[in-house]
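Comments concern the structure below.
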Amino acid sequence: MNRLKPLLFPFCGFMIALFICTLILVAAGERYSILLESFYNTFFTHFGLGYALFYSTPLVFTGLSVAVAARCGLFNIGAEGQLYIASVALTFVATHLLLPIPLAIPLAIFAAMLGGGFWGGLAGFLKARMGSHEVIVTILLNFIAYSLTDYSILYLFRNPEVQNPESLEIFQSYRLPLLSDLSALVGLETFSTTPVNVTLFFAVLCAFLVHFFLFSTEKGFEVRAVGFNPKASKFNHISVEKNTILAFVIAGALTAGVAVNEIMGHQHKLIQGFSVEYGFTGIAVALLARNNPIGILFSAFLFGSLHNATREMEFMSEKVTKELSFILQALMIGFVASERVISEVLSRRGKKHV
Amino acid sequence: MAELIRFENVSKTFGEVKANHGVSFSIHQGSLHGIVGENGAGKSTIMKILYGMYPVDSGEIFFQGKPVHFKSPLDAIQRGLGMVHQHFMLVPTLKVWENIVLGSEPEGIRLHPSEIISELSLLQKEFGFNLDLEATIEDLSVGIQQQVEILKLLYRKAETLILDEPTAVLTPQEVDSLFAKLKTLKQQGKTIVLITHKLKEILSWTEFVTVMRHGAVVETVETKSLTENSLAEKIIGRKQKPLPKTQTNVSDSHPILELKNVSYDKLKNLSFSVKKGEIVGIAGIDGNGQAELADLLAGVGFPESGELCYDGKTAVAGKTLPLAMIPPDRHAQAAILEFTVEENAILGLQRSPRFREKVLLSKTKISDFAKNVMEAFDVRPRNCKAIFSGLSGGNQQKLVVGRESEKNAACLVACHPTRGVDIGAIEFIHSHLISLKNQGKGILLISSELDEILALSDRVIVLYHGSVAGEKIASEATERELGLWMTGATA
């Protein structure tokens, strides 16, 4: 029972949110069961779950990116820009170098990490050496990244055969298998036609790697030390500058996963503006998980499945508009995140009875 | 004298910690009553219970003969009690008079500053204060801010003043004027309760003293009947250990640390050396370059001119000296409060291969190391997974001293090693420094406690405005002479 306690409060919050959201939907003239139906579809159908996992995957990477920076006392608002630079680097390699699979895939992932890491490292460098505040630097670097991406799509590897601004298709050897294809190999039918792909496994792996990095390596120890107390770190011969840059390089490199998921796993090309603010949602994902890498897996799944559930409702009914679906998502997350309030209310009740 | 407050069997538990158990004692009307004990002995807790900040678990409090249960400080204030906390509760950007009336402004929609100021001026006259009511708090010294806190209580018609460690942040001059003020207040009929761990203050100013240890009252006695030794024994519950004998054969050893005409920030042309097997004390009033000296030796700064030598080699910029250091500010520099005890135990040692299992840090090796340090340096509670900020100041400091000793460096720089630390820990740290010296290590002791410097050092150097004002063999130095050097007289 005690082990389940940390999950109990978010669950209570979720149930309260379900109730309030249902009231809102009924007030909007919807049938009372629509919310439950959409959640049923999300969690218990191959199609819904597949999409929920697909949406969750990039959020794991951006959540980890924000969390690593936060552990070093830095606010990374630049995950959005970093993931675009990673995408450009990946696309460049994957549309120019025709290589066999065992070389192609690691090389492309490495290129993406290099791109993202470079863009993150740039922010870290400016913070560490020039003293510019990382929030301003990363916001500005985002704008530069958007423009560089647009330039690359239009002039470096544009696909001339389509009207939309998008890149050439990447070579076959760079494409990652979908989970539905993999399960078909062993004769199972899962995740129907959804784009969830093996990047999901990379995401889980990365969460554990980041956890090991932070809590079981000397570098991670130093990053956390700087995050809590830069002055004490200096007195104990831990370089604040080096660790600031390191944390930002890692944060940037982690966003490469978003590019891998989208380009190698799903679209097979770089489309202008493909990221639906994954970088910014990552901030909320990391906050909800209190920068705990393993917690980020759960919080990213919450965001991903909510995104899918409300999207389903938009399909099912015309009364649920995009705006309403945002309100519902916000309520859900708000209630799950307010576990501290709920636990406080409960503990106060408990005291009164004594 | 009539009894004003009586505690009967008051107990309070926080989680598993018994902060107070079975506390019983009385405070007399119009007396200056001291409450003394080591850090974590429950002194502040019992007063916070009285003040309505914590509810009691069991027991009774009598105020003017009647049982009371203050639900909040507001309750207590209305009955004439007032408390000055260790950390002041003032708004730095507001003016003195604004801070004084804050929370108990006169009735009505508009404030009338001129009326309030003239009322406060009368109050100042009555109690002999002389504060500039129009000054902004952040521009004032700590001593003056404390007076504002006291005046604030008098404005609320407090008859009983509780002061929690009032002298922790004051200079010696400010301490004197504080006690002079308290004495006049007492003569005007106020009751004053003084929470402190400084024996001298208790002995020279209070009439009664309640000694607390481990959450319980040891005894309440008239101060007259006590000496410094007997009071210290009551506080720590045993006789004080004498410092271990020192061996002095310094003269033939060569310097481990040497500064030659070093200038850096506040430091000007500073030269001195520390030999192996020697303790060199740096005395002086805070702010005369001690912090800069610590920065320099920690490698946070580098000499602007002059030479810094360690073990015969001149220091190079960007390379830290392999010395051990107890930094001056425990919370900001020595440790990371949010880390666990074991993480703090390896802070600065994290790159050492002894904590590694292949490439990863080994949790068991770290825990074993931390447990050993905690055992050897008596850090309590013996829980290496506890969050560091939860330890008392003395235990935090013992862990830092333990960690630095584990570095096994030939030189230890100890900056204010016993600041804010209780008697038991002071004793422990002092004898540890002596034993390091006897092992042949060079020790630089920077401290603003002259007693400490004189008791431990072989040589004393007085720092004034970043330079050496005078130097003397400790056994030949007098407090008077050093005191003169500290204020700028030259040798």
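The values are calculated or read from the model by the stated rules, or taken from the named source; none is laboratory data. Because the structure is predicted, anything quoted here is derived from the model rather than measured. Because the Cβ atoms are built from the backbone with ideal geometry, glycine has one as well, and the counts that use them run over all protein chains shown.
General observations
- Entry remark, region A:1-21: residues being under 17 Å from A:ASN308 (Cα atoms) and either modelled with pLDDT under 85 or not small (Gly, Ala, Ser) (or both) number 3 in total.
- The listed residue being surrounded by 23 or more Cβ atoms within 10 Å (Cβ to Cβ), away from chain B (no Cβ under 14 Å) and not in a loop (DSSP other than H, G, I, E, B), out of A:ALA184, A:ALA203: A:ALA203
- Long-range neighbours under 7 Å by Cβ, at least six apart or interchain, first residue of a type in the set (S, T, N, Q) within region B:129-150, second part of a loop (DSSP other than H, G, I, E, B) and surrounded by fewer than 12 Cβ atoms within 10 Å (Cβ to Cβ): B:THR136/B:THR93
- Region A:208-232 - residue that is farther than 17 Å from A:PHE248 by Cβ and more than 9 Å from every other protein chain (Cβ to nearest Cβ) and, of those, surrounded by the most Cβ atoms within 10 Å (Cβ to Cβ): A:HIS211
- Count - residues of region B:320-331 that are surrounded by 15 or more Cβ atoms within 10 Å (Cβ to Cβ) and either more than 9 Å from chain A (Cβ to nearest Cβ) or over 29 Å from B:SER253 (Cβ atoms) (or both): 8
- For region B:186-210, the set of residues classified as surrounded by fewer than 19 Cβ atoms within 10 Å (Cβ to Cβ) and under 16 Å from B:LEU4 (Cβ atoms) consists of B:LYS186, B:GLN188, B:GLY189, B:GLU207, listed by residue number.
- Only listed residue being surrounded by fewer than 19 Cβ atoms within 10 Å (Cβ to Cβ), more than 11 Å from chain A (Cβ to nearest Cβ) and at pLDDT 90 or above, chosen from B:GLU338, B:GLU307: B:GLU307
- Among the residues listed as A:GLU312, A:GLU262, the single one being of a type in the set (D, E, K, R), in contact (Cβ under 8 Å) with a residue 40 or more places away in the chain, in a helix (DSSP H, G or I) and under 24 Å from A:PHE39 (Cα atoms): A:GLU312
- Only listed residue being more than 26 Å from the chain's Cα centre (by Cα) and under 27 Å from B:THR191 (Cα atoms), chosen from B:VAL84, B:VAL96: B:VAL96
- Scanning region B:310-319 for residues that are under 21 Å from A:SER239 (Cβ atoms) and crowded, with 16+ Cβ neighbours inside 10 Å turns up B:TYR310, B:ALA315.
- Qualifying residues in region B:1-24 (those that are crowded, with 20+ Cβ neighbours inside 10 Å and not basic (Lys, Arg)) - the one farthest from B:ALA386 (Cα to Cα): B:LEU4
- All conditions in (1) touching a strand residue (DSSP E or B) at 6+ places or on another chain (Cβ under 6 Å); (2) away from every other protein chain (no Cβ under 14 Å); (3) surrounded by fewer than 20 Cβ atoms within 10 Å (Cβ to Cβ); (4) not aromatic (Phe, Trp, Tyr) hold for B:GLY301, with the sole exception of (2).
- Here A:ALA251 qualifies as touching a Gly at 6+ places or on another chain (Cβ under 7 Å), more than 14 Å from chain B (Cβ to nearest Cβ) and either at pLDDT below 95 or buried (at least 18 other Cβ atoms within 10 Å of the Cβ) (or both).
- Per the listing B:LEU226, B:LEU267, B:LEU243, the residue uniquely in contact with a helix residue (DSSP H, G or I) (Cβ under 9 Å, 6 or more places away or on another chain), within 29 Å of B:THR478 (Cα to Cα), of a type in the set (A, V, I, L, M, F, W, C) and surrounded by fewer than 15 Cβ atoms within 10 Å (Cβ to Cβ) is B:LEU243.
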